[in-house]
Amino acid sequence: MATAFYSHADCLLHEMGQWHPECPARLQAIEDQLIASRIDALIEREPAPLADEAALLRVHTQAHVDHIRDASPIEGYAPIDPDTSMNPHTWQAALRAAGAAIAATDAVIAGQYDNAFCSVRPPGHHAEPARAMGFCFFNNVAIAARHALEVHGLARVAIIDFDVHHGNGTEAAFAADPRVLMCSFFQHPFYPFTGADNQAPNMVNVPMPARSKGMAVREAVDVLWLPRLHDFKPEMIFISAGFDAHREDDLGNMGLVEDDYTWITDRVRDIANRYARGRIVSCLEGGYNLSALGRSAVAHIRSLADV
């Protein structure tokens, strides 16, 4: 078996203006680094299918799905919030992004692949059940996790989120759900200014001050994440893989480097191998310095593939 790599050309067509950091070039940067790293031949490429409405509704309200569908413009841009908008291709791209996470979940649970990385956009972890925000329309990881629980009947899944921003949408979907353990760190105080207070018992949120470097993050993972993950014994792990905590990324102000993403992924893979038959599905979230994004994503994929 191998690591699957899910993506689709439709994900390149969504864009929010030439000025916007969440741009199609992000996916090309990952592709370029895959080729340069010579591990492209060691992963199995799969096309992302379209998610159906039933899958979206496991996390999102009918009103939210209808709103995003109805807001899709025929031309130009349709604003959703001050930094999030749709173009005529956004709806299709968002369905591909969620569909990749669902298809990867099916394939990994079926034993077709050990694990999978979804190189998709738009990202998802800020999308709440009834609100799109923060470049996100549908919550890809939450949809996949709910699919694993409700379609495949898993009893316990863990969600790891190492984006520089708190995954408020994922927390909103699963707070106080005993079937889900969410472990995250994020820069704080920082957008979306959530996650630090009034944590539900199944949330392991670790707010980190600006300029935190890799050793501080590793200590937090060792001391705060890993004991909870060992106690929880997840049957599958989902990762919101944001690479904007990298020291070269101007949308955050943390100090991680590629080796830190490798180290984190190695620890998560150890948990998956011990309790979850190695089953991991990882989905791209943030990461806006193109060079750092490509290098970090490839470091993450290398760890998933154990090469």
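Read-outs throughout are calculated quantities, based only on the coordinates presented, and are distinct from any laboratory measurement. As the structure is a computational prediction, the values presented were derived from the model and not from experiment. Here the Cβ is made from the backbone with ideal geometry for all residues, glycine too, and neighbour counts use every protein chain on show.
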### Message
Every residue in segment 166-184 that is of a type in the set (A, V, I, L, M, F, W, C) and either under 18 Å from Asp231 (Cα atoms) or without any contact (Cβ under 8 Å) to a residue 60 or more places away in the chain (or both), please.
### Response
Ala172, Phe174, Ala175, Ala176, Val180, Leu181, Met182, Cys183
### Query
Checking Asn115 against (1) crowded, with 24+ Cβ neighbours inside 10 Å; (2) farther than 24 Å from Leu42 by Cβ, which test does it fail?
(2)
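Okay, residues lined up against (1) among the charged types (D, E, K, R); (2) surrounded by 18 or more Cβ atoms within 10 Å (Cβ to Cβ):
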| position | (1), (2) |
| --- | --- |
| Arg146 | yes, yes |
| Ile160 | no, yes |
| Phe190 | no, yes |
| Ala196 | no, no |
| Val206 | no, yes |
| Lys233 | yes, no |
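For (1) of a type in the set (Asp, Glu); (2) part of a strand (DSSP E or B); (3) in contact (Cβ under 8 Å) with a residue 40 or more places away in the chain; (4) closer than 21 Å to Ile39 by Cβ, each residue gets a yes or a no:
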| residue | (1), (2), (3), (4) |
| --- | --- |
| Asp197 | yes, no, no, no |
| Ala200 | no, no, no, no |
| Val204 | no, yes, no, no |
| Leu226 | no, no, yes, no |
| Phe243 | no, no, yes, yes |
| Asn253 | no, no, yes, no |
| Val268 | no, no, yes, yes |
| Gly286 | no, no, yes, no |
| Ser296 | no, no, yes, yes |
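For every residue, the table says whether it meets (1) more than 25 Å from Val108 (Cβ to Cβ); (2) not basic (Lys, Arg).
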residue: Lys213; (1), (2): yes, no
residue: Glu248; (1), (2): yes, yes
residue: Trp263; (1), (2): no, yes
residue: Ile271; (1), (2): no, yes
residue: Gly294; (1), (2): no, yes
residue: Val298; (1), (2): no, yes
residue: Ala305; (1), (2): no, yes
### Query
Across segment 54-64, which residue is farthest from Gly287 (Cα to Cα) among those that are surrounded by 14 or more Cβ atoms within 10 Å (Cβ to Cβ) and more than 19 Å from the chain's Cα centre (by Cα)?
Thr61
### Task
Could you tell me which residue of segment 24-42 is nearest to the chain's Cα centre (by Cα), considering only residues that are assigned to a loop (DSSP other than H, G, I, E, B) and touching a residue at least 12 places away in the same chain (Cβ under 8 Å)?
Pro24
### Task
For Ile43, indicate whether it is more than 25 Å from Gly169 (Cβ to Cβ) and either touching a Phe, Trp or Tyr at 6+ places or on another chain (Cβ under 7 Å) or of a type in the set (Val, Ile, Thr) (or both).
yes
### Task
Identify all residues within segment 206-224 that are part of a helix (DSSP H, G or I), of a type in the set (A, V, I, L, M) and over 23 Å from Pro21 (Cβ atoms); write none if there are none.
Met215, Ala216, Ala220, Val221, Val223, Leu224
### Message
Just the residues that are surrounded by fewer than 21 Cβ atoms within 10 Å (Cβ to Cβ) and not in a loop (DSSP other than H, G, I, E, B), please, taken from segment 2-23.
### Response
Ala9, Leu12
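Rundown of residues vs (1) under 20 Å from Ile280 (Cβ atoms); (2) among the β-branched types (Val, Ile, Thr); (3) out of contact with any helix residue (DSSP H, G or I) (no Cβ under 6 Å at 6 or more places or on another chain), yes/no style:
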residue: Thr170; (1), (2), (3): yes, yes, no
residue: Ala173; (1), (2), (3): yes, no, no
residue: Val180; (1), (2), (3): yes, yes, no
residue: Phe185; (1), (2), (3): yes, no, no
residue: His188; (1), (2), (3): no, no, yes
residue: Ala196; (1), (2), (3): no, no, yes
residue: Ala200; (1), (2), (3): no, no, yes
